[in-house]
Structure formats: C-alpha cells, structure tokens
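Please read the structure below before turning to the comments.
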Amino acid sequence: MSNIKEMIQSGAVIVDVRTPGEFAGGHVDGSINIPMQEFVSRMDEVKALSRPLILCCASGNRSGQVTQYMNAQGDQEVFNGGGWLEVNAMKNN
C-alpha cells in the first residue's frame, strides 16, 4: 500500500514534526507531536510506534527531511505526507 491517503484512512500513525507551539496552533486530530529537533533523541519512542508512519509539518519540508533520515536508517515504512493541512484533508475526505 503506497498511497498515502489510503494509509492515513487505514489508521496509519501521523507524526507532526513541527514545534510544540506550531502544533498547539492546529494539527491533525490524533496526531503525535515529535519536533524535528527532538527526533533523534526520541528514537526509542519513534521505533515503538506502529507502522506505517506518515510525517507532516507546515509545508512538507521538515517532514521530508525526517522521512529521508528514517529511510536512510533502514525504516522504509515512514512516508512524507506533506503539510499538515493536506494530511488533515486526506484523513477527513
């Protein structure tokens, strides 16, 4: 299953990599906030999450960077969903 919308609608875990302040200003319902700057230090928590993981941020830039990092670490079940508003729309439509 490579379609991100299908993964989201099938219950994929959504991780928002924005800052806590950005997350507080609006986010996908049910998403988890793990800021990009904390991703490596919280790797045990990240690895414990069920897969697939859909990452999002404001525009898709930061989530893309974290997705590339995770894929390079051998985790191929991490995908960049782009901006959180787009992910939210995919989840709810």
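Observations on the structure shown:
- Search result, residues across the range 9-51 that are more than 17 Å from Gly83 (Cβ to Cβ), touching a Ser or Thr at 6+ places or on another chain (Cβ under 9 Å) and not small (Gly, Ala, Ser): Val13, Gln37
- If only residues of the range 34-53 that are in contact with a Lys or Arg (Cβ under 7 Å, 6 or more places away or on another chain) and not in a helix (DSSP H, G or I) are counted, the one that is surrounded by the fewest Cβ atoms within 10 Å (Cβ to Cβ) is Pro35.
- Pick from the range 14-29, criterion in contact (Cβ under 8 Å) with a residue 40 or more places away in the chain, of a type outside the set (A, V, I, L, M, F, W, C) and assigned to a loop (DSSP other than H, G, I, E, B), ranking: farthest from Met90 (Cα to Cα): Arg18
- Residue selected from the range 57-93 under the condition closer than 16 Å to Gly11 by Cα and free of Cβ contacts under 8 Å to residues at least 12 places away in the same chain, by the criterion surrounded by the fewest Cβ atoms within 10 Å (Cβ to Cβ): Asn93
- Qualifying residue in the range 41-49 (condition: at pLDDT 95 or above, closer than 27 Å to Asn93 by Cβ and over 10 Å from the mean Cα position of the chain (by Cα)): yes
The values are calculated or read from the model by the stated rules, or taken from the named source; none is laboratory data. Remember, it's a predicted structure, so these values are computed and weren't measured experimentally. Using ideal geometry, Cβ is built from the backbone for each residue, glycine included, and neighbour counts are taken over all protein chains shown.
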